[in-house]
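Structure first, then comments.
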Amino acid sequence: DAGVIQSPRHEVTEMGQEVTLRCKPISGHDYLFWYRQTMMRGLELLIYFNNNVPIDDSGMPEDRFSAKMPNASFSTLKIQPSEPRDSAVYFCASGDRRLAGANVLTFGAGSRLTVL
Amino acid sequence: DAKTTQPTSMDCAEGRAANLPCNHSTISGNEYVYWYRQIHSQGPQYIIHGLKNNETNEMASLIITEDRKSSTLILPHATLRDTAVYYCIVRVGYGGATNKLIFGTGTLLAVQP
């Protein structure tokens with residue numbers, strides 16, 4: 001398996017633009033997580049899905065952020081409109097409930113977002 | 001989930017064993033100890049987890065005290081590539097009501113040549 005695939009790896013955009021980050025989880029994993037990492041706040045869990053259904057989005061900072069998982073092999077995290085404070089590295093991770101209840105996660109390489 | 005306490009940073013000489021401590025004095029009976037690490041500019045990587053018995057895999061060993069209030073991650077022969085932030089997380093083994101793996105600030109391990 002190629003692991004968790006994220007795209008784009010780097011994104012530079014201007015304030016007010018829409019940003020879409022993409023994630024392909026490991027085949028067969030039934031959990032998908034979106035995290036955000038900044039120097040100030042560390043790794044923060046934004047939202048997670050189980051069997052393509054959003055379970056907990058309490059970490060999503062505000063209405064500008066939305067996430068979808070239309071099928072088991074694809075998820076998106078969208079920011080509209082983007083702001084400079086959204087600059088961060090966004091990680092996608094997937095897990096299998098058969099592996100310690102999906103506490104053993106495989107992370108992607110991350111998408112580094114810079115909003116000017 | 002039980003709170004964990006880790007040193008902010010540690011140094012280790014290349015080729016020597018790196019012993020990373022973690023305190024989790026409020027751990028409950030059904031909570032496991034998980035270790036992840038994050039090498040600079042990469043995503044976090046799972047290392048090992050355990051409940052009460054010591055565990056070993058190809059990456060590391062995990063030693064959990066008998067009272068389960070603390071644990072130590074051991075990298076037997078540290079290399080420069082082991083320089084990373086190491087996270088100790090305590091979590092119900094099978095998710096419980098939610099499946100939220102929360103990362104703290106971890107320990108920055110610097111392996112010195």
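Where a number appears in this text, it was derived from the coordinates with a stated rule and is not lab data. On a predicted model such as this, the values are computed, not experimentally measured, just so you know. Neighbour counts are summed over all protein chains in view; Cβ atoms, including those assigned to glycine, are modelled from backbone coordinates with ideal geometry.
Provide a whole-number value for the mean count of partner chain Cβ atoms within 10 Å of the Cβ atoms in peptide A:93-104.
On the way: counts 4, 0, 4, 0, 3, 1, 2, 10, 8, 4, 13, 7.
Partner-chain Cβ atoms within 10 Å, mean over residues of A:93-104: 5.
Our coupling estimate for region B:54-65, obtained by passing each phi through the Karplus curve with A = 6.51, B = -1.76, C = 1.60 and θ = phi - 60°, is 5, 10, 9, 9, 5, 9, 6, 10, 10, 10, 10, 5 Hz, Gly and Pro reported as x. Around the amide H of A:I55, modelled in the peptide plane, lie the amide H atoms of A:Y48, A:F49, A:N50, all under 5 Å away and 5 or more residues distant in sequence or on another chain.
Were the residues from B:S25 through B:E58 laid out at 0.36 nm apart, the gain over their Cα-Cα distance would be 9.1 nm. Under the Cβ-under-4.7 Å rule, which cysteines of the protein assembly as shown stay unpaired? By the Cβ distance rule, which asks for a partner under 4.7 Å, the isolated cysteines are B:C12. Here, P(r) means the percent of Cα pairs in each 5 Å bin from 0 to the largest distance; for region B:13-67 it is 4, 15, 26, 24, 19, 9, 4, 1. Loop-located GluC sites (Glu not before Pro) in region B:1-103 (DSSP state other than H, G, I, E, B) with a sparse environment of at most 12 neighbouring Cβ atoms within 10 Å: B:E58, B:E66. Sparse packing (at most 16 other Cβ atoms within 10 Å of the Cβ) combined with a DSSP loop state is found for the following trypsin sites (Lys or Arg not before Pro) in region A:1-62: A:R9, A:R41. For the protein assembly as shown, the average shadow cast by the Cα convex hull is 12.5 nm², which is a quarter of the hull's surface.
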